[in-house]
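The values are calculated or read from the model by the stated rules, or taken from the named source; none is laboratory data. Since the structure is predicted, the reported quantities are computational estimates derived from the model, not experimental observations. Ideal geometry is used to build each Cβ from the backbone, glycine not excepted, and the neighbour counts take in all protein chains shown.
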Amino acid sequence: MTVGWTARNLPGVEYRQAQTALSAYFIKEAGTFELAYPTPVLGKPWSIPMEFPLYQWTVVTVHHVTGLGLVKSARAVSMACFYLMLPAVFLLLGNWRLPMPHRGVVLALLISSPFYLFYSRAFLIETMALMFAVWFWVAFERGVGRRRWGWVVVALATGMGAALVKVTTLMVYLLPVGLWSVRHVWREGNFKYRIRDIVSMICILLPMAGVTAWWIRKADAIKSLNPVADFLGSVHMSDFNIGNTALRLSPELWTMKVRIIGNELLGWPMLWIFAGLILFGFRQHRWIGLTCLVGFIAPLVLFPVLYAYHAYYFVANLLFVQLAAGVMIAGGLRSRRQLAMLLAIALFVGQGLWYVIHYYPIQRGAPEGGDELSRLVQRVTGADDVIIVTGRDWNSMLAYYARRRALMLRGDAEADVEKLHRAFTNLKDEAVGVAVIAAEEWRTKSALLDELKQRGFADRPLLVAEGAWLFFPVEKEPWVNDQMRRGHLGRAEWAPGAMPDPPSLAGDWHRLDELPLDQRKRFASMRPLPIRFFSTFEPVVQVLVREPAMSCHPLTRLIFELPEGQRELRCEMWFNPDAYQGPLETSDGVEVQIFDTTGRVLAARHIDPANRPEDRGLVKLTMPFELPESGEVEVSFGPGPAGRDTRDWIWLRGGLTIE
């Protein structure tokens, strides 16, 4: 459960975890708990409530109370809900008359499930909904069956909790509750008690239905305020959530569901063992096992699309498989104990191996989370900026990892000019920091580009990162260019034709740490690096005799920070032969001098190839000097005795070292 505890990424249906995490993050930032809670991915207004935010509120509260990071708080809440469900399972097994020692086998099988080990610590509402639903199941049977009003109250509270947190999970557990209710009423011979039990059931179920209907209406009303969130209304989502006959019979969707069961839940070898045990295992408790198997399969029919596309939905119904196998083994412990124990050990070992093979490699890392694009977006925008994103549907990962509010444009919203304009109009009082167009051809986005241009954006992209084009406000582009040149924007690249001309370095002092990265590279061969420099002409680098060389035409001055003591400068100097062999006036040489902060000359060397043949070609220069105290030292390349810099074409080849 604690593998990868410090990881900031969200392994396992990351896009859905990011949506929940984004809501929790901005609830924390807002400092208020409201029903119109923020999920800022579809623009303003920022709220598009799906589930009732009890899980998010709990995570934020744990974060404030414990000081844990938000992701760790979410994992702690999810884990706590999973383990708080186990006492309900223990009581449920008691309802089925399993002896206490045998219940331990079922619980052990449940908590060693690789799927639950992985998803019960995800930043998701699933385990909280599961906890409420299982407690509702147990409390309903005990409250109605034993006529205990305390349990009736628990059933009502947990049922409403499950309905609000995730109604689809509650609906999964209404099936066994319904079967039990029919059986219970049918077997009750006393008419008076039968009516009383039916009234108890109604007292539990009606408020649950009422709170569900209230929340659906409330959430729909909030979502209707957002011009690009209409697709999330309950009416529009009915086919996706509930499905229809064609979807329930779709071979493609059933193939996807079977693939999830075999590849994610158990692994194919374990799947056949579980299926064989439930269908053909011990006779004791077989009716319970088969009923649980129906409980596992029924949601796949009831919600054909949800279970085909979302592996995490199986958190709700995998419990039935674990219960079925567990009670079958428990039944075998009464009649064929040794065989039952061998099967139990095989299931435990098999589940452990499947976790190690499939889930452990995913879970064990501790990455920062996000990708290069999300880190780039965070660097180039302010904390209060809004980002515009197209080409990524409404996937919340970019907004969450960048910690930014977003207007993410789905294809339908982008194609609807009126809807697009309304979404941008809602942002009129917000600062938009960047637009990310994740598409091969950005020029086809004419309506979007027009809206961006009206917001002061440039009409062409400035950067490219992770296959996306980045557009910026015109007034922001110089700053972004400066950040790019300094190497502060990771692996981002300039869009074709967008790279600006570099600023001139001639005729002024410059600090090396303030230069763009490509200009700092000109000094990369120096050890140590100078802290600042002056050059009358632009310093350039070219390859001379298979080594990079930097021009040091007078006047070039390099300032180094050095410790005290005996020091020695070493370098190789090269004069262009045309400087002293041409028909025109020749160079009078270059004076290389080392000064301390008082201007005292510590060492000097005159390189004069016109008059000294030994100064022609590569000249290995070694200049020892003594520095009485730590401080700045200047290395100067100045004109010769005549004071002329004409044709002083000298190069520093292979770098400069001071030791």
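For (1) surrounded by fewer than 18 Cβ atoms within 10 Å (Cβ to Cβ); (2) assigned to a strand (DSSP E or B); (3) touching a strand residue (DSSP E or B) at 6+ places or on another chain (Cβ under 6 Å); (4) polar (S, T, N, Q), each residue gets a yes or a no:
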position	(1), (2), (3), (4)
574	no, yes, yes, no
597	yes, no, yes, yes
609	no, no, yes, no
623	no, yes, yes, no
634	no, yes, yes, no
Exercise for the section: Examine the stretch 436-445 for a residue that is surrounded by fewer than 22 Cβ atoms within 10 Å (Cβ to Cβ), among the basic types (Lys, Arg) and not in a loop (DSSP other than H, G, I, E, B), and state whether such a residue exists. Expected result: yes
Handout entry: Candidate set from the stretch 309-338 (those that are over 25 Å from residue 132 (Cβ atoms) and among the small types (Gly, Ala, Ser)); member that is modelled with the lowest pLDDT
Key = 335
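Can you tell me which residue within the stretch 282-295, out of those that are crowded, with 23+ Cβ neighbours inside 10 Å and either closer than 25 Å to residue 128 by Cβ or in contact (Cβ under 8 Å) with a residue 60 or more places away in the chain (or both), is nearest to the chain's Cα centre (by Cα)? Lay out the reasoning, then the answer.
The initial filter retains those residues of the stretch 282-295 that are crowded, with 23+ Cβ neighbours inside 10 Å, namely 285, 289, 292.
Narrowing the set further to residues that are either closer than 25 Å to residue 128 by Cβ or in contact (Cβ under 8 Å) with a residue 60 or more places away in the chain (or both) leaves 285, 292.
Working: 285: 45, 292: 36 Å.
So, considering only residues that are crowded, with 23+ Cβ neighbours inside 10 Å and either closer than 25 Å to residue 128 by Cβ or in contact (Cβ under 8 Å) with a residue 60 or more places away in the chain (or both), the one nearest to the chain's Cα centre (by Cα) is 292.
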Problem - Flag for residue 273 being at pLDDT 85 or above, closer than 22 Å to residue 356 by Cβ and hydrophobic (A, V, I, L, M, F, W, C) - result: no
Handout entry: Residue that is farthest from residue 567 (Cα to Cα), among those in the stretch 612-659 that are touching a Lys or Arg at 6+ places or on another chain (Cβ under 9 Å) and among the aromatic types (Phe, Trp, Tyr)
Key = 637
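Select the helices (runs of 4 or more DSSP H) contained entirely in the stretch 177-256, then report the ones holding at least 2 residues which are touching a residue at least 24 places away in the same chain (Cβ under 8 Å) and over 36 Å from the mean Cα position of the chain (by Cα).
Working: elements: 191-223, 238-241, 245-248.
Output list reads 191-223.
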Practice task
Check residue 408 against each of (1) closer than 23 Å to residue 20 by Cβ; (2) outside any helix (DSSP H, G or I); (3) at pLDDT below 95 and name the one condition it does not meet.
Solution key: (3)
Handout entry: Criterion violated by residue 69 - all others in (1) assigned by TED's automatic domain parsing to the domain that holds residue 233; (2) in contact with a Pro (Cβ under 7 Å, 6 or more places away or on another chain) satisfied
Key = (2)
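Among 443, 491, which is at pLDDT below 95 and under 17 Å from residue 377 (Cα atoms)? Steps first, please.
On the way: 443 fails: under 17 Å from residue 377 (Cα atoms).
Residue meeting the stated conditions: 491.
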Practice task
Tell me which of these residue 475 doesn't satisfy, since it passes every other one: (1) more than 29 Å from the chain's Cα centre (by Cα); (2) closer than 30 Å to residue 223 by Cβ.
Solution key: (2)
Fill in the blank from the handout: Apart from one, (1) surrounded by fewer than 12 Cβ atoms within 10 Å (Cβ to Cβ); (2) outside the structural domain of residue 558 (by TED's automatic domain parsing); (3) of a type outside the set (A, V, I, L, M, F, W, C) all hold for residue 456; the odd one out is (1)
Exercise for the section: Name, by its number, the condition in (1) modelled with pLDDT of 95 or more; (2) farther than 30 Å from residue 425 by Cα that does not hold for residue 215. Expected result: (2)
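Residue under question is residue 32, and the condition is that it be in the same structural domain as residue 219 (by TED's automatic domain parsing), part of a loop (DSSP other than H, G, I, E, B) and surrounded by fewer than 22 Cβ atoms within 10 Å (Cβ to Cβ); does it hold?
On the way: in the same structural domain as residue 219 (by TED's automatic domain parsing): yes; part of a loop (DSSP other than H, G, I, E, B): yes; surrounded by fewer than 22 Cβ atoms within 10 Å (Cβ to Cβ): yes.
Criteria met by residue 32.
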Handout entry: Residue selected from the stretch 152-206 under the condition closer than 21 Å to residue 96 by Cα and aromatic (Phe, Trp, Tyr), by the criterion modelled with the lowest pLDDT
Key = 186
Fill in the blank from the handout: Note on residue 586: of the conditions (1) surrounded by fewer than 20 Cβ atoms within 10 Å (Cβ to Cβ); (2) touching a residue at least 24 places away in the same chain (Cβ under 8 Å); (3) within 26 Å of residue 522 (Cβ to Cβ), unmet is (3)
Practice task
Among residues belonging to the stretch 62-100 that are charged (D, E, K, R) and assigned to a helix (DSSP H, G or I), point out the one that is surrounded by the most Cβ atoms within 10 Å (Cβ to Cβ).
Solution key: 75
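Scanning the stretch 364-374 for residues that are crowded, with 19+ Cβ neighbours inside 10 Å and in contact (Cβ under 8 Å) with a residue 40 or more places away in the chain, which turns out nearest to residue 4 (Cα to Cα)?
Quick first cut of the stretch 364-374, residues crowded, with 19+ Cβ neighbours inside 10 Å only: 369-370, 373-374.
Pick out the ones that are also in contact (Cβ under 8 Å) with a residue 40 or more places away in the chain and you get 369-370, 373.
Values: 369: 12, 370: 16, 373: 23 Å.
It comes out as 369.
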Exercise for the section: Might you check whether a residue that is under 35 Å from the mean Cα position of the chain (by Cα), farther than 25 Å from residue 374 by Cβ and not in a strand (DSSP E or B) occurs anywhere in the stretch 480-496? Expected result: no
Fill in the blank from the handout: Taking the stretch 504-526 and keeping residues assigned to a loop (DSSP other than H, G, I, E, B) and either touching a His at 6+ places or on another chain (Cβ under 9 Å) or aliphatic (A, V, I, L, M) (or both) leaves 505, 506, 515, 524
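State yes or no: is residue 454 within 28 Å of residue 518 (Cα to Cα) and touching a residue at least 24 places away in the same chain (Cβ under 8 Å)?
Numbers: within 28 Å of residue 518 (Cα to Cα): no; touching a residue at least 24 places away in the same chain (Cβ under 8 Å): yes.
Here the answer is no, as residue 454 does not meet what is asked.
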Handout entry: Residue that is surrounded by the most Cβ atoms within 10 Å (Cβ to Cβ), among those in the stretch 496-527 that are touching a strand residue (DSSP E or B) at 6+ places or on another chain (Cβ under 7 Å) and of a type in the set (A, V, I, L, M)
Key = 526
Exercise for the section: Mind listing just one residue for me: the one in the stretch 159-175 that is among the hydroxyl-bearing types (Ser, Thr, Tyr) and surrounded by 24 or more Cβ atoms within 10 Å (Cβ to Cβ) and, of those, farthest from residue 294 (Cα to Cα)? Expected result: 169
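Of the residues 346, 330, 311, 316, only one is more than 26 Å from residue 254 (Cα to Cα), surrounded by 21 or more Cβ atoms within 10 Å (Cβ to Cβ) and assigned by TED's automatic domain parsing to the domain that holds residue 284; which? Reasoning before the result, please.
Numbers: 346 fails: surrounded by 21 or more Cβ atoms within 10 Å (Cβ to Cβ); 311 fails: more than 26 Å from residue 254 (Cα to Cα); 316 fails: more than 26 Å from residue 254 (Cα to Cα).
Just a single option satisfies the conditions, and that option is 330.
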Problem - Scope the stretch 25-65; condition free of Cβ contacts under 8 Å to residues at least 12 places away in the same chain and among the hydrophobic types (A, V, I, L, M, F, W, C); matching residues - result: 30, 65
Completion exercise
Going through the stretch 572-602 in order, the residues found to be within 17 Å of residue 632 (Cβ to Cβ), within 57 Å of the chain's Cα centre (by Cα) and of a type in the set (A, V, I, L, M) are 594, 602
